[in-house]
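Here the structure is laid out as structure tokens; the discussion comes afterwards.
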Amino acid sequence: MIGQLSHAWLSGQLARAWGNERFPAPDPREEIALGAEQHDIGWARFDLHPSLNPQTGLPRSFLELTIEEHLTIWRGAPEMLMSQSARAALVVSLHGSSLSELRMQRAPEHADALAQHIGEERERQARLCEALEVSASDLERTRRQMWTWDGISLALCNRWRPFTAKDVPALAGLLDIELRDRTDGTVALEPWPFARERVEVRCEARRIAARYEDESALRLALARCKPTALTFVLASSPSTP
């Protein structure tokens, strides 16, 4: 079991390493990387007490949230960072509204509630952009970069292969980045978006040894689990410039 905040930690590590002659680095790097690292901050308490999927006997994943749970997690999440970094809070707001836009496409019957959340976050984004002097083009670049880091980190955690991060901001427009496993155990990204030829990122997980009949047994087992470090090595292919 990989908590959402641990997966988000991967996103922050990707953001801090991101950028080369083809892909722009996040700017300002540290503030945006902080936002990427904390982009799932609304999950902090939710993940401490995971609920059980009775069909699988495992904790419900982020893909199994109800609309009500989604809104509970994302409404107000950016505010948790406002005393730390307004720019990081803006990153969280952008990601939350993007997720609600995606859910509205897939669940049009909940359009009203999701549209309200989207509207609230767009108002927040407008206020923050004015205060931080963020242009519309910079805002869109950050939104797409955050979506990319989130997708790549989820692909690493869930072993999604093949996986393609689409419409990634590049200096020459928007490009797709493909992830693939290499025979040496590393993961190749093509085209390569980092300054270094090899990037190592890590997160923590809890290994579940069984399936469970009720939530109390699941939560007791999780409380007794020792954290397990997961390391992912990203390496450029010899043909990558």
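The values are calculated or read from the model by the stated rules, or taken from the named source; none is laboratory data. Treat the numbers as computed from the prediction; the structure is a model and nothing was measured. Glycine gets a Cβ as well: all are built from the backbone with ideal geometry, and neighbour counts include every protein chain shown. Quick note on the areas: whole protein, heavy atoms, side chains included, nothing else; ligands and nucleic acids left out. Shrake-Rupley method; radii C 1.70, N 1.55, O 1.52, S 1.80 Å.
For the range 170-175, the Karplus equation 6.51 cos²θ - 1.76 cosθ + 1.60, evaluated at θ = phi - 60°, returns couplings of 10, 5, 9, x, 9, 10 Hz by residue, with Gly and Pro reported as x.
Pairwise Cα distances in the range 12-59 exceed 18 Å in 52 percent of cases. Need one number: the % of Cα-Cα pairs in the range 153-221 sitting beyond the 18 Å mark. Looking at the range 153-221, the distances longer than 18 Å represent 56 percent of pairs.
Counting only protein heavy atoms and a probe of 1.4 Å, the accessible surface of the chain is 50% carbon and sulfur.
Under a model in which nothing but the beta-carbon of Lys, Arg (+1) and Asp, Glu (-1) is charged, the chain shows a dipole of about 780 debye around its Cα centre. Here the Kirkwood formula, the inverse mean of 1/r across different C-alpha pairs, assigns the range 26-104 a hydrodynamic radius of 13.5 Å.
In the elastic network of the chain, a GNM with C-alpha springs shorter than 10 Å, the most mobile of ARG75, ARG16, ARG161 is ARG161.
By DSSP, the beta bridges lying fully in the chain are antiparallel in about 95 percent of cases.
Computed about the Cα centre, the dipole magnitude for the range 13-98 is approximately 60 debye when only Lys and Arg (+1) and Asp and Glu (-1) carry charge, each at its Cβ.
Between the range 1-33 and the range 133-160, the C-alpha centres lie 8 angstrom from each other. Summarising the label geometry, the points placed 7 Å from Cα in the beta-carbon direction at TRP160 and GLU68 lie 2.8 nm from one another. Helical runs assigned H by DSSP (4 residues or longer) give the chain a calculated mean residue ellipticity at 222 nm of -14500 deg cm²/dmol, each run adding -39500 (n - 2.57) before division by the residue total. Hey, what does the equivalent ellipsoid look like for the chain, semi-axes from the Cα gyration tensor as sqrt of 5 times each eigenvalue, largest first, whole Å? Over the Cα atoms of the chain, the semi-axes work out to 28, 25, 16 Å. Summarising the overall dimensions of the range 104-201 from its C-alpha atoms, the Rg and Dmax are 17.0, 49 angstrom.
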